[in-house]
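The values are calculated or read from the model by the stated rules, or taken from the named source; none is laboratory data. For clarity, every value in this text was computed on a predicted model and none was experimentally measured. Surface accessibility is based on the protein's heavy atoms, side chains included, excluding ligands, DNA and RNA. Shrake-Rupley method; radii C 1.70, N 1.55, O 1.52, S 1.80 Å.
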Amino acid sequence: PLAVLSDSESPSSVIRRRLTQLGIGDCFQAVVSSRDLGFTKPDRRAYMAAASELQLTPAQLAFVGHEAEELLGARR
């Protein structure tokens, strides 16, 4: 399963709609937005929220990102 974990001013529903408009919405089982959560990466709770949405443990996840701080946050 795949999820989008986005630091965004848009709620998850808007991000999901945009992904659907791009034709890739069905690729993601979960879309999690910092707007809905109230905190951003690299806060541990952001990654845990995505894991919870996918019903997976942290050990079952791989995070793909481009910022060192976010990668370190995911590792923690």
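Is segment 35-76 rounded, prolate or oblate when judged by the Cα gyration tensor, a ≥ b ≥ c being the square roots of its eigenvalues, rounded requiring a/c under 1.5 and prolate requiring a/b larger than b/c? Oblate, because a/c is 1.5 or more while a/b does not exceed b/c. Sequence-distant contacts, meaning Cα pairs under 8 Å at least 6 residues apart, place the relative contact order of the chain at 31 percent.
Within the accessible area of the chain, what % is carbon and sulfur when the probe is 1.4 Å and the other protein chains stay in place? About 51 percent, which is the carbon plus sulfur part of the accessible surface.
In this structure the chain gives 69 Å² per residue of accessible area when probed at 1.4 Å with all protein chains present. Per-residue ellipticity at 222 nm from helix content only, as computed over the chain with -39500 (n - 2.57) for each DSSP H run of at least four residues, stands at -12000 deg cm²/dmol.
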